[in-house]
Amino acid sequence: MMQKAQAAYQSRVQVVDGLIAALPPQIESRLAAAEDDMLALCFEIVCRVLGKSAVQPEAIRAQLTEAMGALRGRQSVAVHLHPDDLQALQKEPGWTSSQIGGNDVRWVASSEVVLGGCIVESPEGGLDVRIETQLNALRDLLLQTRRAARSGGVVQ
């Protein structure tokens, strides 16, 4: 009787040992899945917050100022905005087309650009500062960082 109890006890200890040994890989797998979910959630939150604020005239003006600063000194600059954004800017008190970028700027209402977006072009090249382009770049960076963290590598 004592031998059966001891054998049953040993059997249970082996089962428990097996379960304990299986825990670290299971925990690691669950954490990796949770990190992916957290990354997706953070990206979704950033998209929503930026999406709502990006269509405000102040945000559009700031985006334009930054884009035009990057292209300062270039000739024949064309700024493509969503028609509603261009109209909103033109309705702002005291706005003139030379206020952002100078007199050599051509303003183009383009329905291909989403609200809050902007594409600045010149003969020397262009700059795509549409919100979806920036969000795609952010998503790619987050995914690249995540892949590098998993492989123990460095983000390039």
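The table that follows gives values for the structure above.
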item	result
Gained length - A40 relative to L135, 0.36 nm times residue gap less alpha-carbon distance	32.9 nm
Long-range amide H partners of V77 with built H, under 5 Å	R106
Virtual spin-label span in nm between Q3 and Q26, 7 Å along Cα→Cβ	3.4 nm
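Bear in mind that the values in this text are calculations on the coordinates, not laboratory data. Since the structure is predicted, the reported quantities are computational estimates derived from the model, not experimental observations. Don't worry about glycine lacking a Cβ; one is built from the backbone with ideal geometry, like all the others, and counts go over all protein chains shown.
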